[in-house]
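The values are calculated or read from the model by the stated rules, or taken from the named source; none is laboratory data. Every value quoted in this text rests on a predicted model; they were computed, and no experiment measured them. Backbone-built Cβ (ideal geometry, glycine too); neighbour counts: all protein chains shown. Protein only, heavy atoms only, side chains kept; ligands, DNA and RNA dropped before computing areas. Shrake-Rupley method; radii C 1.70, N 1.55, O 1.52, S 1.80 Å.
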Amino acid sequence: MQNVELLMPAGNLEKLEYAIRYGANAVYLGVVDFSLRAMRKGQLITLDNLKEAVDLAHKLGAKAYITLNIFAFNNDIKQLEGCIDRFKEANPDAIILSDFGVFNLVRKYLPTTPIHISTQTNTLNYESVKFWKDLGASRVILARELPIKDIAEIRNKVPDIELESFVHGSQCVSFSGRCLLSDYFTNGERKANHGNCSQPCRWSYKLVEETRPGQYYEINQDERGSHILSPKDLCLVEHIRELIDAGVDSLKVEGRTKSLYYVSAVSKAYRQAIDECIKNPQADLHKYFIELKKVGNRGYTTGFALGENKPDSYSYDISKGLAGADFLFEFKDKTDMGYLVKIKNKIHINDEVEIITPDEQFTTTVKSIIKNNESVDIGNTNDDVYLTFSQEPKDYKYALARTIGVKEHVS
């Protein structure tokens, strides 16, 4: 069985490093104005530190792809042309794009940089893949709406181009990025294809009858309204073997706006699943599906991958991802008092916690909590405290901790 790339999102510099440390072979990153995610937290990736981000990925032994995948208006083209030398200077391993005008600019100013065709182009058939190959693209990121059997046919018809496929993360109710609901509902202030979608498909809707204004009716029996447009999240970890056999070169995870914990835990689960699948193609990968229930999700579905999109592929009762395990703290330092950590969710003395690192995963007990040089029984959210454990990580750098098991609210 062939090796396959695990491609993870890099929403900021810290997430980029954790994604690679936890198992990514490559990361994709974007800057404000030219990609489909508007970042708000952490050391954001901008034109000023874009080269630093790409260099960091290379230093860690991974590839870095820059996303320029908006559908560009005239002003976007002018703005891009004015700063395209910054992208050239960053020296990425590829540019991800969807717009023909952007394609022309990249070909003109970065003639030797590989081009990856974004899923925004909704590529669904082998003739489209042939078109992009003939135009000079080195990779096509296939639409999420493709069954695996169709991917296999595309690979058979077009053997000499890289194929990339999404395997995990949020899904769009429309063909990816084509929805205009956000544009309409926000008077054009939050455009879906310009990285700032307000996600109206996740909103709760009720019914009102025209002659009875102010009287709202449930569309179904749910006191929170009805999330009639909200798809569950994609999870294909149990189908890695089929995807590799179909000829997929890169398995992609969605989530540049997701948390540091999400990026790390998902990268670790897919890294282990891919490695086990390559070593033993008949391996049972269900344990990694359980691991992935520990991160935020709206319930999981295989989407269109198996040839059908069932009614239970939609999350009718929740719109926000609920994690099966709570992210408790991240490690910052080690001193004579113990491990300095940043608390994300409240912990108590004698709590059992699960620690994950790039190389370990184990359960341990919190033996002491020290805050402001005093022993306390509780560490509260956002506290910086020192902890000791019954079992310590071999290497605390990049270590994270979460609650044990999977909460029942995750489907």
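A few comments on the model shown:
- Structure-based [θ]222 nm, the chain - -39500 (n - 2.57) summed over DSSP H runs of at least 4, per residue, nearest 500: -7500 deg cm²/dmol
- A protection proxy built from the mean count of other Cβ atoms within 10 Å ranks the segments 109-115, 338-344, 302-308, most packed first, as 338-344, 302-308, 109-115.
- Pairs from LYS88/LYS334; LYS279/LYS334; LYS63/LYS258 whose Cα-Cα separation, in the structure shown, is over 32 Å: LYS88/LYS334; LYS279/LYS334
- Each residue of the range 270-277 was assigned a 3J(HN,Hα) from its phi angle through the Karplus expression (A = 6.51, B = -1.76, C = 1.60, θ = phi - 60°), giving 6, 4, 5, 5, 4, 4, 5, 5 Hz with x at Gly and Pro.
- Whole-number D in µm²/s for the range 326-375 (Stokes-Einstein; Kirkwood sum over Cα pairs; 4 °C, 1.567 mPa s): 110 µm²/s
- Shape category assigned to the range 1-136 from the gyration tensor of Cα positions, a/c cut at 1.5: oblate
- Using the average count of surrounding beta-carbon atoms within 10 Å as a protection proxy, the listed peptides 11-19, 260-268 rank, highest first, as 260-268, 11-19.
- For the chain, DSSP calls about 55 percent of its internal beta bridges antiparallel.
- The long axis of helix 50-59 is offset from the longest Cα principal axis of the chain by roughly 70 degrees.
- With only Cα atoms counted, the chain has Rg and Dmax values of 22.4, 72 Å.
- Antiparallel DSSP beta bridges within the range 1-140, percent to nearest 5: 5 percent
- Protection proxy ranking of 85-96, 351-362, by the mean of other Cβ atoms within 10 Å over each peptide's residues and highest first, is 85-96, 351-362.
- Relative contact order for the chain, counting Cα pairs under 8 Å that sit 6 or more residues apart, in percent: 15 percent
- Percent accessible area from carbon and sulfur atoms, the chain, protein chains only, probe 1.4 Å: 47 percent
- Where labels lie 7 Å past Cα in the beta-carbon direction, separation of LEU47 and THR257 in nm: 2.4 nm
- Three semi-axes describe the equivalent ellipsoid of the range 57-120; taken as square roots of 5 times the Cα gyration tensor eigenvalues and ordered largest first, they are 20, 13, 10 Å.
- The residues of the chain expose on average 46 square angstrom of accessible surface per residue, using a 1.4 Å probe on protein heavy atoms.
- The calculated Kirkwood hydrodynamic radius for the range 349-411 is 12.9 Å, given to one decimal from all distinct C-alpha pairs.
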